[in-house]
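Asks: Let me begin by handing over the structure; questions about it come next.
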Amino acid sequence: MPLYLTESEVGELLAPADALEAVERCFRRLAEGAIDNQPRIRMRVDGGAFALMGAVDRELRLAGIKTYVWVSAGTPFVVVLFDTEAGEVRAVIEADKLGQLRTGAASGVAAKYLARDGASSLGVIGCGWQARSQVASIREAVPSIESVVAYCRNEQRLGQFCSEVGAEPGESHRDAAAQDVVVTVTTSSDPVLRGEWLGDGALVCAVGANDPKHRELDNVVLERAAFVCCDSREQARRESGDLIEPVEQGVLDWLEVQELQEVVVGELPGRQDDDDVIVFKSNGLAAWDVAIAARAVELARERGVGRQI
C-alpha cells in the first residue's frame, strides 16, 4: 500500500547528510543517463500558478512527479512516487521540507566539488526558508567552513536567522559577498550580488531566481567567472534569467554553460585555480525530488513512520 508522509515526518526522517548523499548520487545517475528529467511546467491559475515537474530514475526503478500551486493563501507541495517495476504508487509525500532539503543539498554538492581548497567562510544573501538548508548543507559538505555571514534587508528577520544558524549579521550585501562561498537565495527580481564585491576564488551558488525575467547576479559576476555551470541546461534555458539575459547581451554563451553532473563524475575539472571565480546556477530538478523522496520512504519503512493509504 502507498505510504503517506507529512511535512513534520519528512523533517524528522531526513538530515542534511541524507539529502546530500541522495542528491550527489542523483547527479551521478544523471551523468550516466539513468534518469530522464522533465523541466518545470507552469500554468496560470487565478492569482498565481500551478507547477508540474517529473523524472524517471531507472536505477531506482521509480518515477515521480512534484506538483504545487502558488497562490496568496499558501503553496502546498506534493511528491508522488511510482514503482515502475511493480506498477504501483509507492508513496505520497508532503514536499515543502523535502524541497528545502534537496535545494540545500544541491548547493552542498556544488560546494564540495567547486569551492576552493580550505574554503573557510560562507556568505548568504537572503534569510528565508531556503537559506536555512543552504547553511546546513554547505557546512555538512565543506567541513572547513568556520564562519557564516548573512545579510537581508529586514533587520528582525536577519537577527532571527543569524541566531538560529549561528551566523554573523552583515551590514550590507558586500559583507556576505566577500566570503569564500556565496549563496544568493532571495525573491528579488533585480541583482543582489555584484561581481566587484566578490573576492578571488569565490564560489557563487545562485539559488533564488527561477524566472526568465528575474536575476540575482549582475553581468560582472558572469564576466569574472572562469567556470559557469547549472543543474540542467534545458531547464536553465527556460527559466534562468541569471543566464538568459547575459547570453542575450553577449556576456555569456550557452556553450560556456556546463552541468554540475559533469564535474561530479570527473568529466570536467570545474575549478582549475584557487583564484577562479565559479558560478553554479541552481533551478531545482524533479530528479532530486525523486531521489530524496526515495530516501525518505526507505527511512520511513525502517522506522515505522508514516501511514498506509
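Asks: Please work out which option in (1) 6, 28, 36, 23, 6, 0; (2) 6, 25, 30, 22, 13, 4, 1; (3) 6, 25, 31, 20, 10, 4, 2, 1, 0, 0 gives P(r) over Cα pairs in 10 Å bins from 0, in percent calculated from these coordinates, and answer with its label.
Replies: Given (1) 6, 28, 36, 23, 6, 0; (2) 6, 25, 30, 22, 13, 4, 1; (3) 6, 25, 31, 20, 10, 4, 2, 1, 0, 0, the structure-derived one carries the label (1).
Asks: Carbon and sulfur together cover what percent of the accessible area of segment 186-272 at a 1.4 Å probe radius?
Replies: Carbon and sulfur together cover 40 percent of it.
Asks: Which of rounded, prolate or oblate describes segment 1-96 when judged by the alpha-carbon gyration tensor and an a/c cut-off of 1.5?
Replies: Note, shape of segment 1-96 comes out prolate.
Asks: For segment 37-99, with all protein chains present and a 1.4 Å probe, just round the carbon and sulfur fraction of the accessible area to a whole percent.
Replies: Result for segment 37-99: 56 percent of the exposed heavy-atom area is carbon or sulfur.
Asks: Now for a different question. Give the angle, between 0 and 90 degrees and rounded to the nearest 10, that separates the Cα long axis of helix 155-165 from the longest principal axis of the Cα atoms of the chain.
Replies: Compared with the principal axis, the helix lies near 70 degrees.
Asks: Based on the Cα gyration tensor of segment 158-309, what are the three equivalent ellipsoid semi-axes, each the root of five times an eigenvalue, rounded to whole Å and given largest first? It would help to have the intermediate numbers written out before the result.
Replies: Values: eigenvalues 168, 92, 52 Å².
Sorted largest first and rounded, they come to 29, 21, 16 Å.
Asks: Where does each of 186, 75 land when they are ordered by accessible area, with a 1.4 Å probe and the largest first? Don't jump to the answer; show the numbers that get you there.
Replies: Numbers: 186 25, 75 50 Å².
If we order 186, 75 from most to least accessible, we get 75, 186.
Asks: Next question, about the same structure. Going by the alpha-carbon gyration tensor, a ≥ b ≥ c the square roots of its eigenvalues, is segment 101-219 rounded (a/c under 1.5) or, if a/c is not under 1.5, prolate (a/b greater than b/c) versus oblate?
Replies: Because its axes are fairly even, with a/c under 1.5, segment 101-219 counts as rounded.
Asks: Using Cα atoms only, what is the angle between the long axis of helix 16-32 and the major principal axis of the chain, expressed in degrees (0 to 90) to the nearest 10?
Replies: That helix lies at roughly 90 degrees to the long axis.
Asks: Let me spell out the model: positive unit charges on the Cβ of Lys and Arg, negative unit charges on the Cβ of Asp and Glu, origin at the Cα centre of segment 141-225. What dipole size does that give, in debye rounded to 20?
Replies: I would put it at about 260 debye.
Asks: Treat every Asp and Glu Cβ in segment 60-199 as -1 and every Lys and Arg Cβ as +1, leave all other atoms uncharged, and give the resulting dipole magnitude about the Cα centre to the nearest 20 debye.
Replies: 220
Asks: What accessible area per residue, rounded to a whole number of Å², is obtained for the chain using a probe radius of 1.4 Å?
Replies: For the chain, the per-residue accessible area is 43 Å².
Asks: About the Cα centre of the chain, how large is the charge dipole given +1 on each Lys and Arg Cβ and -1 on each Asp and Glu Cβ? Please answer in debye to the nearest 20.
Replies: Using only the charged Cβ atoms, the result is roughly 900 debye.
Asks: Mind ranking 142, 45 by accessible surface for me, highest first, 1.4 Å probe?
Replies: Largest to smallest exposure gives the sequence 45, 142.
Asks: Right, next: If you line up the long axis of helix 286-303 against the longest principal axis of the chain, both from Cα atoms, how many degrees apart are they, to the nearest 10?
Replies: The angle comes out at about 50 degrees.
Asks: Which loop-located GluC sites (Glu not before Pro) does segment 97-160 contain, where loop means any DSSP state but H, G, I, E or B and the Cβ has at most 13 other Cβ atoms within 10 Å?
Replies: 146
The values are calculated or read from the model by the stated rules, or taken from the named source; none is laboratory data. Here the structure is a predicted model, which means the values were calculated and not measured. Note that we place each Cβ from the backbone using ideal geometry, even for glycine, and neighbour counts take in every protein chain shown. Heavy atoms of the whole protein, side chains included, go into the accessibility calculation; ligands, DNA and RNA do not. Shrake-Rupley method; radii C 1.70, N 1.55, O 1.52, S 1.80 Å.
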